[in-house]
Amino acid sequence: MLEKLEQLKTDVELKVQSIETLKELQDYKIEILSKKGAFSYFMDELKKVSNENKKEFGQKINEVKVYLTSLFETEEAKLKEKELKEKLEKERIDVTLPGYQFQPGSKHPMNIVIDEIIQIFLPLGYKVEEGPEVEQDFYNFECLNIPKNHPARDMQDTFYITDGILLRTHTSPVQARAMEKNTEKTPIKILCPGKVYRRDDDDATHSHQFMQLEALVIDKDITMANLKATLDLVAKKLFGEKRKIRLRASYFPFTEPSVEVDVSCTCNKNGCPVCKDTGWIEILGAGMVHPNVLKMGGYDPNVYKGFAIGFGIDRITMLKYGFDDIRHLYNNDLRVITQFKKER
Ligand code: PHE
């Protein structure tokens, strides 16, 4: 029996050397040392041994058991370490590899222009306001002195959602909202940039969705001179100190008088595609707030006056950066947009 015990010991010693995975080793350990494993044979045999030999045999068996248990432990530890090493090697991260290229965004040219206009107005005490793009007929038209069946509604072909709800055709409804919101009826100085919508067929100069920026001032002593000085300042800051402005009489139902504002062109009138050799480029509409609009906003037109300006952001952006097609502003072509990176 002792021979068999020695044999098992050598067998196990040999076998564990050839085992390469932890799992295999653990299975083998069960095969040998578990209750029904190969080693249990000796425990059974021990019962049969005569009493005088029992002690010696018992000790021997125990020695081998302790030895084998510790052999398995050492081998287990070795294999664990080996497997960990392999795992780490497999999952090694090469920190010197170049990372993923991260494309920093750039501002859209129209946002650059909006920011620029806001920066001109902020020091003058204006605040930026927002209004909904899905607007009520009431604010988009009625409050702005454009009642139902008014011919001026044809000037702004409208996307209606229901009878009384539409996509705003201009940022001017924010004028009406600002006046209504100001329950104290104190002076107002606001700016409102945003998207507007009209039922136009898209082409090089038309887009069914475009951008406006509305400026509104309401106060006691506001005159046309204030409007003109403001327009002059903005034109010079936006296009350069040498630029001049020209006001042409125009018509908007919500302003009286109304003007269209041109900025002087820098060309030498020799086939200029921008001003068509007229020397002037139209950039916006403006005017003194109509008394009816003041009244509907809760302001006494005998006490309060105001002016409003409607910047066409698309047009100004196209002029400033030389775009010849408005659709370039909306196609989200990165080749176009990323050119404005430096202006961040
Ligand atoms: N709301 C006008 C338009 O979209 C522009 C405008 C704004 C004109 C403010 C005068 C005053 O055509």
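The values are calculated or read from the model by the stated rules, or taken from the named source; none is laboratory data. Values in this document were obtained by computation on a predicted structure and should not be read as measured data. We place every Cβ from the backbone using ideal geometry, glycine too, and count neighbours over all the protein chains shown.
Some observations on this one:
- For the stretch 155-176, the tally of residues that are surrounded by fewer than 19 Cβ atoms within 10 Å (Cβ to Cβ) and either assigned to a strand (DSSP E or B) or more than 14 Å from the ligand (Cβ to nearest atom) (or both) stands at 7.
- From the options Ser264, Ser250, residue that is within 16 Å of the ligand (Cβ to nearest atom), polar (S, T, N, Q) and surrounded by 15 or more Cβ atoms within 10 Å (Cβ to Cβ): Ser250
- Enumeration of residues in the stretch 302-342 that are among the charged types (D, E, K, R) and within 16 Å of the ligand (Cβ to nearest atom): Lys305, Asp314, Arg315
- Scan of the stretch 177-188 for residues that are in a helix (DSSP H, G or I) and farther than 17 Å from Asn292 by Cβ, ordered by number: Lys181
Condition check ((1) among the polar types (S, T, N, Q); (2) closer than 21 Å to Asn292 by Cα; (3) within 16 Å of the ligand (Cβ to nearest atom); (4) assigned by TED's automatic domain parsing to the domain that holds Pro291) across all residues:
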residue	(1), (2), (3), (4)
Leu144	no, yes, yes, yes
Arg199	no, no, yes, yes
Glu214	no, yes, yes, yes
Thr223	yes, yes, yes, yes
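- Looking across the stretch 211-229, the residues that are surrounded by fewer than 20 Cβ atoms within 10 Å (Cβ to Cβ), in contact (Cβ under 8 Å) with a residue 60 or more places away in the chain and not in a loop (DSSP other than H, G, I, E, B) come down to Asp219, Met224, Asn226.
- Residues in the stretch 254-276 that are in a loop (DSSP other than H, G, I, E, B) and modelled with pLDDT under 95: Cys265, Thr266, Cys267, Asn268, Lys269, Asn270, Gly271, Cys272, Pro273, Val274, Cys275, Lys276.
- Within the stretch 65-87, none of the residues are in a loop (DSSP other than H, G, I, E, B) and either modelled with pLDDT under 90 or within 60 Å of the chain's Cα centre (by Cα) (or both).
- When each of Thr205, Thr255 is tested for being over 25 Å from Pro109 (Cβ atoms), in contact (Cβ under 8 Å) with a residue 40 or more places away in the chain, within 16 Å of the ligand (Cβ to nearest atom) and assigned by TED's automatic domain parsing to the domain that holds Leu166, the lone residue that passes is Thr255.
- Looking across the stretch 271-299, the residues that are in contact (Cβ under 8 Å) with a residue 40 or more places away in the chain, more than 11 Å from the ligand (Cβ to nearest atom) and under 23 Å from Val234 (Cα atoms) come down to Val274, Ile283.
- Evaluated against (1) at pLDDT 95 or above; (2) outside any loop (DSSP other than H, G, I, E, B); (3) small (Gly, Ala, Ser), Ala152 falls short on exactly one condition, (1).
- Residue match in the stretch 91-98 (condition: free of Cβ contacts under 8 Å to residues at least 12 places away in the same chain and assigned to a helix (DSSP H, G or I)): no
- Looking at Glu282, Glu241, just one residue is surrounded by fewer than 21 Cβ atoms within 10 Å (Cβ to Cβ) and either among the polar types (S, T, N, Q) or more than 29 Å from Pro147 (Cα to Cα) (or both), and that residue is Glu241.
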